[in-house]
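Step one of this worksheet: look at the structure below.
The values are calculated or read from the model by the stated rules, or taken from the named source; none is laboratory data. In this text the structure is predicted, and so the values were computed from the model without any measurement. We place every Cβ from the backbone using ideal geometry, glycine too, and count neighbours over all the protein chains shown. These accessible areas exclude ligands, DNA and RNA; they are computed on the full protein's heavy atoms, side chains included. Shrake-Rupley method; radii C 1.70, N 1.55, O 1.52, S 1.80 Å.
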Amino acid sequence: MNYKGNEKGWVETIVGPMYAGKTEELIRRIKRMEYAHKNYIIFKPNIDDRYSDCEIVSHNKKAMKAVGIDHGSEIKRHLKKDVQAVVIDEVQFFDKSLVKYLKELADNGYRVICAGLDTDFRGLPFGPIGDIMAISESVTKLTAICSCCGEPATKTQRIINGKPAYYNDPIILVGEKESYEARCRNCHIVLTGNEEDDK
Ligand code: ADP
Ligand code: TMP
Ligand code: MG
Ligand code: ZN
């Protein structure tokens, strides 16, 4: 039996910059499923080993058990018969084929709940997130608080050795407060490497 009986499922996506509360919101939705006696399974990409390789963990250390995977194709083999919902954190780290697997799950009656960064440190769409937002029935965009001015933050500032990162730096850099801040559009800086532009 699937989430809604014999009907199709759906995809819900939670996005925003770092510290916006995406993982907390995932955990809130999971707890509500527990009240509804729904069975779920949580996945996370193995690449994000910040706190734990078998848990999703929020910045204020709320944690839930999760299965670490490298690729969306691994999801199916972990689904036991009684699972009704599939939860995935940090979806930005998967390749674009994840979209196909999420669609398949929803078509087969699963409630799919994803969370991830909408943009990378450059302010550009991160991995498969744009496509995932496009196929979702519901998209929730959360904001954090800008560490410079206190306005709502929609972007993530990467800071390396006390300086904003450069546009051509690698996109993936797993990290925390030592490398990242939440910032609003006005306070967000990406260096180009061209002295004139970076003044
Ligand atoms: P995300 O998964 O979106 O990175 P989390 O759910 O892990 O976010 O953590 C959200 C928590 O981060 C907030 O409840 C708050 O305690 C903390 N936090 C730290 N810095 C900020 C900030 N600049 N703006 C908002 N919350 C912050
Ligand atoms: P969070 O959204 O739960 O805070 O986690 C985001 C993770 O993504 C964190 O490990 C840092 C990483 N990250 C990158 O790899 N590249 C980026 O450009 C940004 C903004 C974050
Ligand atoms: Mg998170
Ligand atoms: Zn600001």
Discussion item. N60 - would you say it is without any contact (Cβ under 8 Å) to a residue 40 or more places away in the chain and over 26 Å from P152 (Cα atoms)?
Written reply: no
Worksheet item: For R77, which of the numbered conditions (1) out of contact with any helix residue (DSSP H, G or I) (no Cβ under 8 Å at 6 or more places or on another chain); (2) modelled with pLDDT of 95 or more; (3) within 16 Å of ligand 3 (Cβ to nearest atom) fails to hold?
Response: (3)
Discussion item. When the residues of region 82-108 are narrowed to those that are open to solvent by 80 Å² or more (accessible area, probe 1.4 Å) and closer than 21 Å to R29 by Cα, which ends up farthest from ligand 4 (Cβ to nearest atom)?
Written reply: D82
Worksheet item: Of everything in region 108-150 that's of a type in the set (S, T, N, Q) and out of contact with any Leu (no Cβ under 9 Å at 6 or more places or on another chain), which residue is nearest to I75 (Cα to Cα)?
Response: N108
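Looking at I132, is it in contact (Cβ under 8 Å) with a residue 24 or more places away in the chain, closer than 12 Å to G16 by Cα and among the β-branched types (V, I, T)?
It is false that I132 is in contact (Cβ under 8 Å) with a residue 24 or more places away in the chain, closer than 12 Å to G16 by Cα and among the β-branched types (V, I, T).
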Practice prompt. Within region 148-171, work out how many residues are in a strand (DSSP E or B) and farther than 21 Å from G116 by Cα.
Written response: 4
Practice prompt. Report yes if I160 is more than 15 Å from ligand 4 (Cβ to nearest atom), hydrophobic (A, V, I, L, M, F, W, C), in contact with a Ser or Thr (Cβ under 8 Å, 6 or more places away or on another chain) and open to solvent by 50 Å² or more (accessible area, probe 1.4 Å), otherwise no.
Written response: yes
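Can you confirm whether region 172-181 contains a residue that is in contact with a Ser or Thr (Cβ under 8 Å, 6 or more places away or on another chain), in a strand (DSSP E or B) and within 15 Å of ligand 1 (Cβ to nearest atom)? Let's see the steps before the verdict.
Quick first cut of region 172-181, residues in contact with a Ser or Thr (Cβ under 8 Å, 6 or more places away or on another chain) only: 173, 180-181.
So of that shortlist, the ones also in a strand (DSSP E or B) come out as 180-181.
Next, from what is left, pick out any that are within 15 Å of ligand 1 (Cβ to nearest atom): 180-181.
Checking region 172-181: at least one residue is in contact with a Ser or Thr (Cβ under 8 Å, 6 or more places away or on another chain), in a strand (DSSP E or B) and within 15 Å of ligand 1 (Cβ to nearest atom).
Answer yes or no as to whether I75 is in contact with a Leu (Cβ under 9 Å, 6 or more places away or on another chain), within 16 Å of ligand 1 (Cβ to nearest atom) and open to solvent by less than 10 Å² (accessible area, probe 1.4 Å).
Against the criterion (in contact with a Leu (Cβ under 9 Å, 6 or more places away or on another chain), within 16 Å of ligand 1 (Cβ to nearest atom) and open to solvent by less than 10 Å² (accessible area, probe 1.4 Å)), I75 does not qualify.
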Worksheet item: If you take the residues of region 128-147 that are under 27 Å from I189 (Cβ atoms) and surrounded by 21 or more Cβ atoms within 10 Å (Cβ to Cβ), which of them is farthest from ligand 3 (Cβ to nearest atom)?
Response: C146
Worksheet item: Within region 13-49, can you find the residues that are open to solvent by 50 Å² or more (accessible area, probe 1.4 Å) and either among the β-branched types (V, I, T) or in contact with a Cys (Cβ under 8 Å, 6 or more places away or on another chain) (or both)?
Response: I47
